C-alpha cells in the first residue's frame, strides 16, 4: 500500500450558494487539458513556463462578438487592436475572420503591412505619429485618426505636397460618466475643441474628414457609457452634415470592453457580473439608431475590440518551484512564472488552477513568481491546495497584453504555443536565449578583455 502524503489539519469556513462575507468558493477542478491537449504534454514538449493560445476560442469569441453587433446594426466592422496581442499568427487569425487592423505606432503599422493587411483597412491611432509614419499612412490610403492640433498642422503640410488627399478622423474625448475621464487623447467634445478641429480640417481643403472616433477608457463595466459616447458622436456627425453638407462615413467607438477576468478588489467574480458583447451591442446600436442620423445613410460602425476578444483564449502554464511559510505563518508558493510574464496580475485576480489532480484540503496562499523583487506577486490571496515542487499550474484568461507588455527581466521570455482547430501544436513565438538577449549589445574593444 502506497504511503499517503501527510497533510496538516486546517480549519476552513465552507462557503456555499451566494457569496458571503468571505466571497465566493474558489474550488476549481484541475485544468489537465486545453482543447483536448494534455497540459503536462505541452509543458514536457515546450518547457515551463509556456504560453498557450486556443485558436478555437479566438475564432469562436470573434464570431460571437460579430453576431452580437451585426444582428443589431446593419453596418459593422471590427479592427483588431494590435497592441493587445501583435503576434503575427494571432493577428492573421483575426484578419482571416475579416477584421481590419488598428495600430498606434509606426512599429505596429509595419506589423500590419507585414501581415498583408490592405493599407485602406488600417486605422492609425495614437498621439505619437512621426512625419515618416504619416507619409507612409497617406501613401497607403490608411485611415488616420488625428490626436492633437500639432498633428493636424503637420498633416496639412504633408498633404500640400502629396497627390493623395489623406482620409482622416478626429479622436474625441468626452464626459460619459466614467471617471477619471480619459481626456489626454484627442479633442474634447464639451468645450468645443472637437468643433475647432473639424472646422480646421474642412477649411483646409487638403484633408478628407471621413470619420469620428472615441475611446472612452479600458475595462468599462457600464455599457451605458458607450451609449452616451455613441449619442454624442452621432450628434456631432449630424451637425457636420447640416453645416458642411456631407455625411460622415464611419463612427469608431474604439475598444475598452471588459473580458471575463475579475478586477482586483471586485466583490463578485468577473464571469458573473461583467457585461457581455450583447450588452455592449444593445447599448451602442440603440443609441445610434435612435439618434438623428439619416436612417437611409447610416455610418459604418467600427469597433477596435481587443481584450474581450482574446483574453479567454490565452493560458500560462507553469510549475511550482517551492513551498514556504511566511513569518506570520501564512502559506506561500513560488512559481516559475512571475509579473515579468504576467503583467495583468497587477490588475486582475486571475483564475489559477492546478494542472493535475490535487488533495481536497485548501489553505489561503500567496502565489509568488521567481523574480528577486518583492512586488513579484501573482496572487495576493487564493484558496489553494497543497502542491509539491514540480507540480503544474495553469493561469487562465491571459491572452490580452501579457505577450506585448512582458519583460525580459531576470528571466527570459518563454515559448508561445498555438493549438489549432485540429488539436495540433504550433510554436508561434520561440523562447529567448542568451544569444537573442545580447545580440544587439556592443562591447567596446577596451572592455573585451577581463
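Where a number appears in this text, it was derived from the coordinates with a stated rule and is not lab data. On a predicted model such as this, the values are computed, not experimentally measured, just so you know. Heads up, the Cβs are rebuilt from the backbone with ideal geometry, glycines too, and the neighbour counts pull from every protein chain shown.
At each listed q (0.07, 0.17 Å⁻¹), what is the log10 of I(q)/I(0) that the Debye formula gives for the stretch 55-310 modelled as equal alpha-carbon point scatterers?
-0.22, -1.39
Where the convex hull is taken over the Cα atoms of the stretch 152-220, what is its projected area averaged over directions, in nm²?
With every direction weighted equally, the projected area is 5.1 nm².
Measuring from label point to label point, each 7 Å out along Cα→Cβ, what is the residue 130 to residue 441 span in nm?
With each label placed 7 Å out from Cα toward Cβ, I get 2.6 nm.
Tell me, what does the Kirkwood hydrodynamic radius of the stretch 213-313 come to in angstroms if you use every pair of distinct C-alpha atoms?
14.5 Å is the Kirkwood radius here.
Can you tell me how much longer the chain between residue 120 and residue 150 gets when fully stretched, taken as 0.36 nm per residue apart minus their C-alpha distance, in nm with one decimal?
Once the chain is fully extended between residue 120 and residue 150, it gains 8.4 nm.
Helix-derived [θ] at 222 nm for the chain: sum -39500 (n - 2.57) over DSSP H runs of at least 4, divide by residue count, nearest 500?
-8000 deg cm²/dmol
Is the shape of the stretch 277-335 best called rounded, prolate or oblate, per the rule: a/c under 1.5 gives rounded, else a/b larger than b/c gives prolate, else oblate, with a ≥ b ≥ c the square roots of the Cα gyration tensor eigenvalues?
The shape class here is prolate.
Could you give the semi-axes, largest first, of the ellipsoid that matches the stretch 307-356, computed as the square roots of 5 times the alpha carbon gyration tensor eigenvalues and rounded to whole Å?
With the √(5λ) rule applied to the stretch 307-356, the semi-axes are 24, 13, 10 Å.
Just subtract the alpha-carbon distance of residue 71 and residue 450 from 0.36 nm times their residue separation and send over the number in nm, one decimal.
129.6 nm
When the Cα atoms of the chain are enclosed in a convex hull and the volume is divided per residue, what value in Å³ results?
Details: hull volume 91.1 nm³, N = 450.
For the chain, the hull spanned by Cα atoms encloses 203 Å³ per residue.
Fewest first, what order do 210, 176 take by the number of other Cβ atoms within 10 Å?
Result, fewest neighbours first: 210, 176.
What spacing in nm lies between the two simple spin-label points modelled at residue 380 and residue 139, each 7 Å away from Cα in the Cβ direction?
5.0 nm
Can you give me the convex hull volume of the Cα atoms of the stretch 327-394, divided per residue and expressed in Å³?
Each residue corresponds to 96 Å³ of Cα convex hull volume.
Given axes a ≥ b ≥ c from the Cα gyration tensor, I'd like to know whether the stretch 312-450 is rounded (a/c under 1.5), prolate (a/b larger than b/c) or oblate.
Values: a/c = 2.25, a/b = 1.39, b/c = 1.62.
The shape class here is oblate.
Sort 415, 75, 324 so that the residue with the fewest other Cβ atoms within 10 Å of its own Cβ comes first and the one with the most comes last. Could the numbers behind the result be given before it?
Working: 415 18, 75 15, 324 12.
Ascending Cβ contact count within 10 Å gives the list 324, 75, 415.
So how far, in whole Å, is the C-alpha centre of the stretch 121-187 from the one of the stretch 382-450?
Value for the Cα centre distance between the two parts: 35 Å.
Arrange 73, 348, 267 by Cβ neighbour counts within 10 Å, fewest through most, would you?
In increasing order of surrounding Cβ atoms, one gets 267, 73, 348.
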